[in-house]
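Participant: Just dropping this structure here.
No value in this document is a laboratory result; all are computed from the given coordinates. Please read these numbers as outputs of a predicted model, since none were measured by experiment. Here the Cβ positions follow ideal geometry from the backbone for every residue, glycine too, while neighbour counts run over all protein chains shown.
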Amino acid sequence: MDQITLADEMLNGKVLLFNKPLYWTSFDLVSKIKVILKRQLQLKKIKVGHAGTLDPLATGLLIVCTGKETRNIEKYQAQPKEYHVRIQLGATTPSFDLETSIDQNFPTDHINETLVREILSSFVGTQMQMPPDFSARLVNGTRAYKLARKGESPELQPREITIHNITLISCQIPIVEFSVTCSKGTYIRALARDIGAGLKSGAYLSALTRTAIGNFLLKDALSIEEFERNFVFL
């Protein structure tokens with residue numbers, strides 16, 4: 001595809017699938033893509049947006065829309081998400097993941113695979129979930145995580161979510177791995193917290209990869225390096 005045609009296609013709107021690297025924010029990835037598009041296509045400006053934010057400590061599928069397709073971001077965000085999740089039992093952190101240090105330890109001697117399967121299955125269905133204090137939810141115009149990092153407790157409200165299914169992958173106490181398909185707005189870190197509580201212990205998220213958004217799959221996604229290297233073949 002020649003440069004002019006590809007520029008028109010990107011401006012008219014295209015859906016791109018990326019595998020977000022560990023430690024990058026979703027905004028970091030979008031910014032890098034915008035720089036590549038502007039440089040390669042010699043454009044002064046182009047709209048680029050993403051559907052469904054991933055935390056810096058998460059990897060996996062990020063849908064990126066260009067040009068006029070950014071108008072449809074909400075449509076992609078609303079689709080069910082699938083994740084590969086690893087949680088660590090027997091401890092908690094304030095952020096429910098590895099962003100912060102362990103603040104409490106709990107027993108795990110009473111936990112076995114049968115109990116883990118029972119507790120995981122209890123989360124399938126529609127329920128109210130309390131978002132993490134370390135989240136991007138707005139509290140009186142301020143992101144909750146900014147308040148939490150100051151040691152303040154944001155006044156968050158529970159929100160309705162749906163867990164469509166959970167499948168146990170590995171149970172090597174204190175490490176549990178599972179896949180989960182859930183609705184928009186589900187915090188997997190909060191699910192880790194709630195699973196720990198359900199097991200009468202503690203838990204935090206130690207690794208997270210988004211593997212699907214609706215019918216879009218991680219296996220079809222590009223790394224940012226592949227995108228830049230193979231740009232002219234898109």
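Participant: Excluding same-chain residues fewer than 8 positions from LYS45, which aspartates and glutamates have a Cα within less than 16 Å of its Cα?
Facilitator: The reachable aspartates and glutamates, counting only those whose Cα sits under 16 Å from LYS45, are ASP8, GLU9, GLU69.
Participant: May I pose another question? Output wanted: per-residue J couplings in Hz (rounded whole) for region 201-215, from phi through Karplus 6.51 cos²θ - 1.76 cosθ + 1.60, θ = phi - 60°, x for Gly and Pro.
Facilitator: 8, x, 7, 9, 6, 10, 6, 8, 10, 7, 9, 7, 10, x, 8
Participant: Moving on to the next point. Two decimals is fine: what's Rg over Rh for the chain, C-alpha atoms, Kirkwood radius as Rh?
Facilitator: 1.02
Participant: Which value in nm describes the separation of the simple spin-label points at ARG71 and LEU217, placed 7 Å from the Cα toward the beta carbon?
Facilitator: My value for the distance between the label points is 3.1 nm.
Participant: Subtract the Cα-Cα distance of PHE231 and LYS184 from 0.36 nm times their separation in residues, and report this length gain in nm to one decimal.
Facilitator: Length gained, PHE231 through LYS184: 13.8 nm.
Participant: Residues with amide H under 5 Å of SER201's amide H, sequence separation 5 or more or different chain, H placed in the peptide plane at 1.01 Å from N; which?
Facilitator: none
Participant: If you don't mind, there's one more thing I want to ask. List every residue whose amide H lies under 5 Å from the amide H of HIS50, counting only residues 5 or more places away in sequence or on a different chain, with H placed 1.01 Å from N in the peptide plane.
Facilitator: CYS65
Participant: List the residues, sorted by chain then number, that are 5 or more residues from ALA58 or on another chain and whose placed amide H is less than 5 Å from its amide H.
Facilitator: TYR23
Participant: I've got another one for you. Sort the following peptides by mean Cβ neighbour count (other Cβ atoms within 10 Å, averaged over residues), highest first: 208-214, 38-44. Don't skip to the end; give the middle numbers.
Facilitator: On the way: 208-214: 19.4, 38-44: 12.6.
Ranked from most to least packed, the peptides come out as 208-214, 38-44.
Participant: In whole Hz, what ³J(HN,Hα) sequence does region 76-85 give by Karplus (6.51, -1.76, 1.60; θ = phi - 60°), x for Gly and Pro?
Facilitator: So the Karplus estimates, Gly and Pro as x, are 6, 4, 6, 6, x, 10, 10, 10, 9, 10 Hz.
Participant: Now for a separate question. Which lysines, on any chain, are close to LYS20 with Cα under 22 Å apart, when same-chain ones fewer than 8 places away are left out?
Facilitator: Excluding near neighbours in sequence, the set is LYS32, LYS34, LYS38, LYS47, LYS75, LYS81, LYS184, LYS219.
Participant: While we're looking at this one, here's another question. Lys/Arg Cβ at +1, Asp/Glu Cβ at -1, dipole of the chain taken about the Cα centre: which of VAL85, ILE224, LEU57 is farthest positive-ward?
Facilitator: Value: ILE224.
Participant: Quick one: Karplus J couplings for region 59-66, per residue in order, coefficients 6.51, -1.76, 1.60, θ = phi - 60°, nearest Hz, x for Gly and Pro?
Facilitator: Karplus values, whole Hz, x for Gly and Pro: 10, x, 5, 10, 7, 10, 10, 10.
Participant: HIS164 to ASN112: extension gain in nm, 0.36 nm per residue of separation minus the Cα-Cα distance?
Facilitator: Stretched fully, the HIS164-ASN112 segment lengthens by 16.4 nm.
Participant: Nothing charged except the Cβ atoms of Lys and Arg (+1) and of Asp and Glu (-1): what's the magnitude of the dipole of the chain about its Cα centre? Round to the nearest 20 debye.
Facilitator: Charge dipole of the chain: 880 debye, to the nearest 20.
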